[in-house]
Amino acid sequence: MSSTTTVSAEGLDEPSSPREELGKRELNKLDKQRRIVEAATQLFQQKGFDATTTAEIAAKAGIGAGTLYLYVGSKEDLLVSVFEAVAGDAWSQAFERVDGTRPLVEQMTELFLHVTDHHEADQRLARSFFKELPWLEPSGRQGVDDFVNDFLRRIEDALLDACNNGQLDPEVPRRTLAGNLYALWVHEMRRRSSGRQSYDEMVSHMTASFRVAFWRMTPETS
């Protein structure tokens, strides 16, 4: 039985350990997963979700069409992965940039506007997210739901800080408020991504909706 060898610093062949081989396989798997998501992202950006085929994604990722299905179950699964990557970056940046010294309504508006602008820079991809993701099968929705619940918890934490700082009535159900803000934002984003309103209209509507959502809950909206 032959063993895999590697070249040592002295130039001698040495057997590769099982751990090294396992590490190589895992790295190869991660590399393919990365290439698949990157390929899907680029093609969804260029052609849109509906016009992109899994064969095109596989070809762009440099793998066989059959190999693609060893990593993803469907094109919809790939859209979820792209959404998690793109929106994840946007939300992470948004939370880092929010100025906690500003009034709470402005903080939350700033938070959501940063993500809005991130999607605005790639409207074709945003259209795919807001058109397709709400209609996924339950199995596909789980990834999206987990992602949304994660950043809703971060919003809830920010609202708790606001309670502790006297910026929010402590009687306000923070999880409900976080969900309401997200629902208002999604409504405006769907209208924007479908072309039913301009960017300025979307920002104006969202800003007004957020002020209503916080009405009499914070000192600045009393």
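Summary of computed values
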{"item": "Test for residue 100: is it on the phi > 0 side of the Ramachandran plot and more than 15 Å from the chain's Cα centre (by Cα)", "result": "no"}
{"item": "Any hit, region 118-125, residues being closer than 24 Å to residue 180 by Cβ, in the same structural domain as residue 198 (by TED's automatic domain parsing) and more than 15 Å from the chain's Cα centre (by Cα)", "result": "no"}
{"item": "Selection within region 82-98 - of a type in the set (Gly, Ala, Ser) and either free of Cβ contacts under 8 Å to residues at least 60 places away in the same chain or in contact with a Leu (Cβ under 7 Å, 6 or more places away or on another chain) (or both)", "result": "85, 88, 90, 92, 94"}
{"item": "Residue match in region 181-188 (condition: more than 23 Å from residue 148 (Cβ to Cβ) and either in a helix (DSSP H, G or I) or at pLDDT 95 or above (or both))", "result": "no"}
{"item": "Every residue from region 29-85 that is closer than 21 Å to residue 119 by Cβ, over 18 Å from the mean Cα position of the chain (by Cα) and surrounded by fewer than 18 Cβ atoms within 10 Å (Cβ to Cβ)", "result": "46, 47, 50, 51"}
{"item": "Among the candidates 121, 178, residue that is in contact (Cβ under 8 Å) with a residue 12 or more places away in the chain and among the aliphatic types (A, V, I, L, M)", "result": "178"}
{"item": "Condition met for residue 142 (over 23 Å from residue 118 (Cβ atoms) and crowded, with 18+ Cβ neighbours inside 10 Å)", "result": "no"}
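One line per residue, one yes/no per condition, for (1) surrounded by fewer than 18 Cβ atoms within 10 Å (Cβ to Cβ); (2) under 30 Å from residue 74 (Cα atoms):
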site	(1), (2)
123	yes, yes
126	no, yes
129	no, yes
146	yes, yes
168	no, no
177	no, no
188	no, yes
193	no, yes
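The values are calculated or read from the model by the stated rules, or taken from the named source; none is laboratory data. This structure is a prediction, so every number in the text was calculated from the model and none was measured. Positions of Cβ are generated from backbone atoms using ideal geometry, with glycine treated the same way; all protein chains shown enter the neighbour counts.
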